[in-house]
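Since the structure comes first, as structure tokens, the remarks are kept for the end.
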There are 2 protein chains.
Amino acid sequence: MTDLKDATLHKRIRSDISERILSGAWPPGHRIPYEHELMAEYGCSRMTVNKALAPLAESGLIIRRRKAGSFVSRPRIHSVVLDIPDIPAEVTARGEPYGYELQSRKVRLAGRREIEELGLDLPVEVLALRCLHRASGRPFALEERLINLAAVPEAADVDFMRVAPGSWLLSHVPWTEAEHRISAANVPRATSILLGIEAQAACLVLERQTWRGDDRITHVRLTFPGEAYDLVARFAPQPAANPAARR
Amino acid sequence: MTDLKDATLHKRIRSDISERILSGAWPPGHRIPYEHELMAEYGCSRMTVNKALAPLAESGLIIRRRKAGSFVSRPRIHSVVLDIPDIPAEVTARGEPYGYELQSRKVRLAGRREIEELGLDLPVEVLALRCLHRASGRPFALEERLINLAAVPEAADVDFMRVAPGSWLLSHVPWTEAEHRISAANVPRATSILLGIEAQAACLVLERQTWRGDDRITHVRLTFPGEAYDLVARFAPQPAANPAARR
DNA sequence: TGAAAAGTTTTGTATAGACATAAGAGGGCC
DNA sequence: GGCCCTCTTATGTCTATACAAAACTTTTCA
């Protein structure tokens, strides 16, 4: 019951409770002790109990209702923390030498399809980049990226032969929102040739759209050969670190 | 600066600060005001300021050091909350009629490959299920599931003709950990026939392994026709609700 | 000069009390 | 029975205070 790992009292109360919930000892719907009962049990003040319970309510593990009490929440949380890869870091983390190659770079007005991908209304100057990431010399991912030069004019002067656009953007442009779309696709022949795979082989496609406030910063499509790549998300419900890993 | 949406003071302080960080006004490394400065600015007690800042530190957006102060943390968080679908809910949420069909059900000793998928050491009795989920009559997902009967003996008596195994497990068996693997694959011919797609069409494959403590509960592989299905994760860094959606 | 000691500042945790708010429980009235 | 009002109870938020721990700064003393 008393967990010696957690030094402070409110953390110990919190982990005692979440442990009982997650072990199934307290099933969904079960009423957990009132604050004053926990005060008595742990011999502490109500603020301390409240500090233990409030984050459990915020994370959705319990539901609190005035007068009624606190209850283990019914619908089990069903979301997962997915670690989205920064490709150079990802490849080197696997212990493979990382290679990067800028294949094309153009500044131009966004085409119709690109306007849609960037979600813009009117034509705008974009920087269009296509890069190939390699692991141990083999193609690892094809990156097709549009950068909105109206929002990030500095990008026009960066030497993307040397630095990958994802890394540069991540460290130079703050963002407030991102949307990821993960899908499977049969890619066009040109793409399959670049990736060195068969024409009909399935690929994992990760698209990311990034905003800063209302400005669209960038849209990127990463195409991974399906055979060689998985995304792995591990959910350990405690709001601790997220130990995501990849094959 | 002052956000009228957030009724309570500590939430307003919290969102004011995270807003300035996420907009880039306070870049990584920037020292945010001391607690006593925020007390003066908002005219409140230190406990209230602390209640605003503590979750920001816990979520990793800021780093707090005694004597030195609190700072915007350097490495930008790069993970994403992905909403993993409960298929019946998912289909009906799209406004399509949901159909479910149990295709096969067997209790048997786990085969070699299945032992590996369940991560077991020795042979064990499993319940093997194959179900097809339909949306508007069309195949939506193929579910291939193994349930470890040593861990969940009750599953042997459930009528999985009527209730989908995912829904039953979710509401009857608590779990403590889950690992998800997302990949793209060209599926075997038998699967493509079941899903009513071309033999070489790419599919999105979602595998989930669930634990309760050290016991493996279930392993499931969901295969979605790639053309018809995306996973979408929207990252809005506020630790509020996760507004995930799907195409 | 240089290392140890003392002081200062900031965060971390906890207490006790106060008032507000929501909502279930029960009683009385039509 | 059904409806409204009041009473009660549990949570929600906040204050003021206290002491502890960490870490940077200054002073002291060998």
Tell me which residues come under 5 Å, amide H to amide H, from A:SER73 once H is placed; ignore anything under 5 positions away on its chain.
A:GLY29, A:ILE62, A:ILE63
Once amide hydrogens are built 1.01 Å from N within the peptide plane, the residues lying 5 or more places from A:PHE140 or on another chain with amide H under 5 Å from its amide H are A:HIS133, A:ARG134, A:ALA135
Among A:VAL107, A:VAL91, A:VAL126, determine the one that fluctuates most according to a GNM of chain A built with springs between C-alpha atoms less than 10 Å apart.
A:VAL107
Distances in nm, one decimal, shortest first, from A:ALA68 to the same residue in every other copy, taking the label point 7 angstrom along Cα→Cβ.
4.5
Spelling it out for A:GLU177: with amide H atoms placed in the peptide plane at 1.01 Å from N, the residues 5 or more places away or on another chain with amide H under 5 Å from its amide H are A:TRP211, A:GLY213
Packing-wise, with mean Cβ within 10 Å as the measure, how do B:13-20, B:215-222 rank, highest first?
B:215-222, B:13-20
Can you tell me the relative contact order of the stretch A:37-130? Whole percent, Cα pairs under 8 Å, sequence separation 6 or more.
16
How well do other chains shield peptide B:224-232, expressed as the mean number of their Cβ atoms within 10 Å of each residue Cβ?
5
Name the trypsin sites (Lys or Arg not before Pro) in the stretch B:127-183 that are in a loop by DSSP and that have at most 15 other C-beta atoms within 10 Å, would you?
B:ARG162
Which of the aspartates and glutamates could be linked to B:LYS106 by a straight reach, that is with a Cα gap under 19 Å, when you skip same-chain ones fewer than 8 residues away?
B:GLU114, B:GLU116, B:GLU117, B:GLU125, B:GLU143, B:GLU144, B:GLU154, B:ASP157, B:ASP159
Quick calc of log₁₀ I(q)/I(0), the protein assembly as shown, Debye, one scatterer on every Cα, no solvent, q values 0.09 1/Å, result -0.75
Using θ = phi - 60° and the Karplus relation 6.51 cos²θ - 1.76 cosθ + 1.60, list the HN-Hα couplings for the stretch B:159-168 in order, rounded to whole Hz, with x at every Gly or Pro.
8, 7, 6, 9, 10, 5, x, x, 5, 5
The ³J(HN,Hα) series, computed from each phi in the stretch B:123-134 with the Karplus coefficients 6.51, -1.76 and 1.60 at θ = phi - 60°, rounded to the nearest Hz and given as x for glycine or proline, is x, 8, 6, 10, 9, 9, 10, 10, 10, 10, 9, 10
Provide a whole-number value for the mean count of partner chain Cβ atoms within 10 Å of the Cβ atoms in peptide A:183-194.
4
Convex hull volume per residue in cubic angstrom - Cα atoms of the stretch B:9-72:
74
Computed from every Cα-Cα pair in chain A, P(r) in 10 Å bins starting at 0 and rounded to whole percents is 6, 24, 23, 16, 16, 12, 2
Residue-ordered couplings for the stretch B:7-23, obtained by feeding phi - 60° into the Karplus form 6.51 cos²θ - 1.76 cosθ + 1.60 and rounding to whole Hz (Gly and Pro as x), are 5, 8, 5, 5, 5, 5, 4, 4, 6, 4, 6, 5, 5, 5, 5, 6, 7
Under the rule of -39500 (n - 2.57) per DSSP H run of 4 or more residues, summed and divided by the residues of chain A, what mean residue ellipticity at 222 nm is obtained, to the nearest 500 deg cm²/dmol?
-7500 deg cm²/dmol
Alpha-carbon centroid distance for the pair the stretch A:32-86 / the stretch A:126-197, whole angstrom:
41
Cross-link partners among lysines for B:LYS11, C-alpha distance below 26 Å, same-chain residues fewer than 8 apart left out?
A:LYS11, A:LYS51, A:LYS67, B:LYS51, B:LYS67
Sort shortest first the distances from B:ARG105 to its counterpart in every other copy, using label points 7 Å along the Cα-to-beta-carbon line, and give them in nm.
6.2
Sort shortest first the distances from A:GLY137 to its counterpart in every other copy, using label points 7 Å along the Cα-to-beta-carbon line, and give them in nm.
5.5
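Only the coordinates and a few stated rules stand behind these numbers; no lab work does. Everything numeric in this text was worked out from a predicted model, so none of it was measured. In this analysis, Cβ positions are derived from the backbone assuming ideal geometry, glycine residues included, and neighbour counts consider all displayed protein chains.
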